[in-house]
Amino acid sequence: MAFEGLSERLQNAMAKLRKKGKISEADVKEMMREVRLALLEADVNFKVVKDFVKTVSDRAVGAEVLESLSPAQQVIKIVNEELTALMGGEQSQIAVAPKSPTVIMMVGLQGAGKTTTAGKLALLLKKKQNRKPLLVAADIYRPAAIQQLETLGKQLDIPVFSLGDQVSPVEIAKQAIQKAKDEHLDYVLIDTAGRLHIDETLMTELRDVKEVSNPSEIFLVVDAMTGQDAVTVADSFNEQLDVTGVILTKLDGDTRGGAALSIRAVTGKPIKFTGQGEKLEDLEPFYPDRMASRILGMGDMLTLIEKAQQDFDEKKAAEMTQKLKENSFDFNDFIEQMDQLQNMGPLEDILKMIPGMSNAPGLDQMKIDPKDMGRMKAIVLSMTPQERENPDMLSQSRRRRIARGSARPIAEVNRMIKQFNESKKMMSKMNKGNFEGMDGLFGN
Ligand code: GDP
């Protein structure tokens, strides 16, 4: 998980402050010293840290804060607000050209994730916004890049425009835009060439493509794992091309987070999306406020809810609620829920988005092993359809048969059935608006 170290250190600094009833200027200073170290250690740009600490300190030592009823809360609120501002305040939308098609240029160094991200963005436009994108292969120096984009296009069922590697990127861009106009496609995503380093030839070519294609967005794709280098790269690309936004990839890795926290302040350009994995669905809009809350351990319920909405079928969810009301939730539903949960990504990441959970003791050890889910599924699949619908009929002899069928120990079968009954009880309580007994959710 990205930001782990930073998050932990900041939360520790806040926790110390929370313990104090009254706060003095010295307390704020002490906390800010820790915040400063935490940010530097997370590889945040030196100057950015300096400015951040100054802004927060100035605001925090004001009389209205220190003399308020809950000074610690006030200070934490300020840190949260300034962290949000640092990353760009509001979430920014993708621009739309006044006349279709809207052109988006994807630029960045080789290996940053440009081609993959072009595919992800095309999928997002198609699936979430019902748009018709055209992917354009304009990286003619790396033949594999053209093929990579064509494969992505096939996978996503999105058209790819390519003229091979003998035609100039400028010409490719021109013809692609014409094709989009002719075929009423509304977004043109140009995957441009990358290099290992920034060089003048590349920049000249990109400027030429920019000139003929008049893009509404130039997204710079940078790899979060490269830390401060990502910030330097962003700064140079921006100087040359005046990019409109940054897409920070590989935020699923264990990056310390410096790039995410420095890019906006150094380049003045917002992070618009983040890449959260290698799968094509793994692209998320960047919300500075949610990211700040997540870093400070205040949870990110909004993303969690959206994730749930996106991955849970509404009709199925309504059916499930009905079943809970009628108390007819059975093992078939149980499996279905398990599948849906698995679709949402690693459980421990989901739990961390719940306020207060990110620091919960033992969460780190609580790796939810997909194998466990697989085993539970095997047990359920060894039940007859009648047994799955009527869990009450699971006598000891039936349980023994199921254990044999699924090649799991009988104790495990018993434990799973017990867990099922408990979750069912708990869910039906929650459904009635009674949230006591939530502990059971985590198996204690
Ligand atoms: P390009 O040279 O900039 O076009 O880079 P590619 O799109 O070929 O990506 C380089 C590698 O990074 C590929 O193996 C991608 O699967 C991987 N990658 C891209 N984005 C992400 C991301 O958000 N997370 C992870 N884990 N890998 C990514």
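Worth pointing out:
- Note on S397 and N130: their simple-model spin labels are 5.8 nm apart, each label 7 Å out from Cα toward Cβ.
- Environment charge of L196, counting only residues whose C-beta is closer than 15 Å and scoring Lys/Arg +1, Asp/Glu -1: -2
- FRET E, pair E278, A26, Förster distance 30 Å, beta-carbon r, rounded to 0.05: 0.05
- Placing dummy labels 7 Å off each Cα toward the beta-carbon, the span from E8 to V170 is 5.4 nm.
- Amide H contacts of K132 (H built 1.01 Å from N, in plane; Pro and chain starts excluded): D186, Y187 sit under 5 Å, all sequence-distant by 5 or more or on other chains.
- In plain terms, the chain from L69 to D242 could stretch by 57.6 nm, reckoned as 0.36 nm per residue minus the Cα-Cα distance.
- Potential lengthening between R195 and A411 on full extension [0.36 nm per residue; Cα-Cα distance subtracted]: 72.0 nm
- The slack in the chain from Q340 to S100, taken as 0.36 nm per residue of separation less the alpha-carbon distance, amounts to 82.7 nm.
- With both labels modelled 7 Å from their Cα along Cα-to-Cβ, the Q155 to D372 distance reads 3.0 nm.
- Local electrostatic count at P133 - Lys and Arg +1, Asp and Glu -1, tallied over other residues with Cβ under 9 Å: +2
- Ratio of Rg to Rh for the stretch 4-86: 0.94 [Cα atoms; Kirkwood radius as inverse mean 1/r over pairs].
- Sequence of S7, S92 once ranked by neighbouring C-beta atoms within 10 Å, starting from the fewest: S92, S7
All of the numbers you see were taken from the coordinates with simple rules; none came from a lab. This structure is a prediction, so every number in the text was calculated from the model and none was measured. Every residue, glycine as well, gets a Cβ built from its backbone with ideal geometry; the counts of neighbours run over all protein chains shown.
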